[in-house]
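Taking it in order: structure first as structure tokens, then the write-up.
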Amino acid sequence: MSRGRTWFEALAGATLDGEPASVLCADGTVGDERTRFLTVVPNAEAKFTRARGGELGLEEGWTLARHVREAVAVDDDGDRRALVAVVDVPGQPYGHREELLGLHLALAAAVDAYATARLAGHPVVALAVGQAISGAFLAHGMQANRILALEDPGVTVQVMSKRSTARVTRRSVDELDKIAEEVPATAYDVASFARLGALHRLIEGVDAAEPDAEHVETVRDALAEAITSARHDDSTDLSGRLASPEARRHRSASLRVRERLAEEWTG
Amino acid sequence: MTVSVRPKTRFTELSARERAAALLDSGTFRELIGPFERLESPHLEPQGVVPACDDGVVVARGDIGDQRAVVLAIEGLFQGGGIGEVSGAKIAGALELALRDAERGHPVRPVLLLETGGIRLQEANLGLLAIAEIHAAIVALRSHVPVVGVVAGMVGCFGGMAIAAGLCSHLVMTREGRLGLNGPQVIEQEAGVAELDSEDRRLVWETIGGDQRVATGMADALVEDDVAAIAGAVRIAFETAVPAEHRSAQVGFYEARLAGIDASEPLDGPALRTLWRDEGVGR
């Protein structure tokens, strides 16, 4: 069973199949909060064959967008439920048909939906329990108000799989590992990603692959805190990611550019 | 700094700085964080890559059609237009300031000149974070003012920045321009030459080229590779109202399109044009 499905079922208390079967969506609760859980899982029968291994492809992008937008529309009365994106995505599919049919737009649809939900006032929390790779993570997770991750060797955040990066950059995996020691942004482990300051919290002491009841409770508590924190935050943008002490240190150029732009903006 | 552009020039022959100047009303170009400030990427030199003094992105203020504007031009000749920490922050930061102005009732017309392979691999997750911030800013900004993207060529627009293109209110492309999530060479490498022969130019352009994207409704205007033509298309885009429903929000429409695809049958660019035209689901 994929980590995405494991955590989805543990948190949402649901074992349903989605339509398409690669996108799971169910409403449940976190503490007192009504919460919609979403995740992407492998689907051996997927219509588009290149997205059968849990990749975020055409159907997955548009389906996530549908489920998120439905919550935004239904909650228009003001009581906006939380959205939890359980992230376990190996990347996007590589295929001719995918590009022809607008894979970039399918991923944009998911980005758009999550960002729209956040701006409308839904607390959006991403929970990385496995791989969080590239366009798939941009589409499912990166637009959240708060990002949580399990500290586990199987939780990785990167822009391309290590195998592919090695081929594209014509370096060996060993060489990539060496570079990653010097440049945390190129590392795969979630602790290195945490140094960039975008994580709300790195959750320790939880078995990400086979959690027991206590682990699930630990994660539930962390989700509840993240949702509350998002609810009490006046801003619905992503500026918090640059306000952390880690970001001040490891994204100092991002901050300096913004300062200069603000100084020079009106001329 | 003064940047002058000859009339009747191929847009794709221009540098990013010249492209930005060409889109702004004559004499209004003003660059922010210009090359003399030398705000370079701090991450490249340690990896044996010579940095650029503008990190490959030009932020230009000025007017478009007598309205305040900001043009964000990516230089495709520097590291394939890859988005790193500094270049990404220039784009995100400028869009965030445009949003602040729009919220105060002073809209600024934002234009993205997209020539990029996506995230710069040497800066990896820093590029990923920057692109997520670019996405967030586009979605917030475009409810106030149309966000206009231009994919002119010759690099094309790929990766996380292709997602950004998908979020734009209005996309202008030339026949030379290409727009797709994964570049043809990456697809060939990852999925094999039988999936996509990246050297088959006709196949590539029939799949992700500007003509195909406009014909299937995934971009809005097909223009000649000419400075005046592209500047004109950008002005027209700003005279059009913000779309009631942006392309990336048309969930039912695109789900219906995908539902109509028989995945067991071969499909190519010309066949898709016919199919979507016959279904009457073109924009």
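Read-outs throughout are calculated quantities, based only on the coordinates presented, and are distinct from any laboratory measurement. Owing to the predicted nature of the structure, the values given are computational and were not obtained by experimental measurement. Quick reminder, even Gly has a Cβ in these numbers, built from the backbone with ideal geometry, and neighbours come from all protein chains shown.
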Practice item. Search the structure for amide H atoms under 5 Å from the amide H of A:LEU150, placed 1.01 Å from N in the peptide plane, and list their residues when 5 or more places away or on another chain. Key: A:ALA128, A:ILE203
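With a 10 Å Cβ neighbour count serving as the proxy for reagent exposure, in which order, fewest first, do A:LYS162, B:LYS90, A:LYS47 appear?
Numbers: A:LYS162 15, B:LYS90 28, A:LYS47 18.
Least to most surrounded, the residues fall as A:LYS162, A:LYS47, B:LYS90.
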Revision key, fill the gap. Listed by chain and number, the residues whose amide H is under 5 Å from that of B:ASN182, excluding neighbours fewer than 5 places away on the same chain and using placed H, are B:GLY159
Study note, to complete from the structure: Non-local residues with an amide H under 5 Å from the amide H of A:VAL30, with H modelled 1.01 Å from N and Pro and chain starts lacking one, are A:THR35
Study note, to complete from the structure: Footprinting proxy, A:ASP152, A:ASP237: sorted fewest to most Cβ within 10 Å, the residues are A:ASP237, A:ASP152
Practice item. Using a cut-off of under 14 Å, list every residue of the range A:13-47 whose amide N is near the label point 7 Å from the Cα of A:ALA120 along the Cα-to-beta-carbon line. Key: A:36
Check your understanding: Hey, what's the Cα Rg ratio for the protein assembly as shown versus the globular rule of thumb, 2.2 N^0.38 Å?
Key -> 0.90
Point to revise | Phi to ³J(HN,Hα) by Karplus 6.51 cos²θ - 1.76 cosθ + 1.60 over the range A:180-185, Hz, x for Gly, Pro | key: 4, 5, 8, 10, x, 5
Point to revise | Rounded to whole Hz, the Karplus (6.51, -1.76, 1.60) HN-Hα couplings of the range A:84-91, x for glycine and proline | key: 10, 8, 7, 9, 8, 10, x, x
Revision key, fill the gap. Taking every residue of B:161-173, the Cβ atoms of other protein chains inside 10 Å of its Cβ average out to 4
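What number, in nm² with one decimal, is the all-direction average of the projected area of the convex hull of the alpha-carbon atoms of chain B? Could you put the intermediate results ahead of the total?
Details: hull surface 60.9 nm².
Reported value for the Cα convex hull: 15.2 nm².
Evaluate peptide A:173-184: per residue, the Cβ atoms of other protein chains within 10 Å of its Cβ; return the mean as an integer.
Numbers: counts 0, 0, 0, 1, 0, 0, 4, 1, 0, 3, 8, 3.
Going residue by residue through A:173-184 and averaging, the value is 2.
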Revision key, fill the gap. With -39,500 (n - 2.57) per DSSP H segment of 4 or more residues and division by the full residue count of chain A, the 222 nm estimate, nearest 500 deg cm²/dmol, is -13500 deg cm²/dmol
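Taking N as the number of residues in chain A, what value does Rg over Cα atoms divided by 2.2 N^0.38 Å take? Walk me through the numbers before you get to the answer.
Numbers: Rg = 18.3 Å, N = 267, 2.2 N^0.38 = 18.4 Å.
Taking the Cα Rg and dividing by 2.2 N^0.38 Å, one obtains 0.99.
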Revision key, fill the gap. Dividing the helical contributions, -39500 (n - 2.57) per DSSP H run of n ≥ 4, by the residues of chain B yields a 222 nm value, nearest 500 deg cm²/dmol, of -11500 deg cm²/dmol
Point to revise | Cα long-axis angle, helix B:85-103 against chain B (0 to 90 degrees, to the nearest 10) | key: 90 degrees
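Highest mean first, how do B:26-33, B:192-199 rank when packing is the count of other Cβ atoms within 10 Å averaged over residues? Don't skip to the answer; put the middle values down first.
Details: B:26-33: 17.8, B:192-199: 14.6.
Going by the mean number of other Cβ atoms within 10 Å, highest first, we get B:26-33, B:192-199.
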Revision key, fill the gap. Sorted on mean Cβ neighbours within 10 Å (highest first), peptides A:112-124, A:247-259, B:102-114 come out as A:112-124, B:102-114, A:247-259
Practice item. Could you give me the percent of Cα pairs per 5 Å distance bin for the range B:35-124, shortest bin first, beginning at zero and ending with the bin that holds the maximum distance? Key: 3, 14, 23, 22, 16, 11, 7, 3, 1, 0
Review point. What's the exposure ranking of B:SER143, B:SER169, going from fewest to most Cβ atoms within 10 Å?
Key: B:SER143, B:SER169
Practice item. Could you point to the residue in B:LEU112, B:PRO146, B:ALA132 farthest towards the positive end of the range B:1-155's charge dipole, with +1 and -1 charges on the Cβ of Lys/Arg and Asp/Glu respectively? Key: B:PRO146
Point to revise | Under Karplus coefficients 6.51, -1.76 and 1.60, residue-wise ³J(HN,Hα) of the range A:21-36 in Hz, glycine/proline x | key: 5, 7, 10, 9, 9, 8, 9, x, 9, 10, x, 8, 8, 5, 9, 9
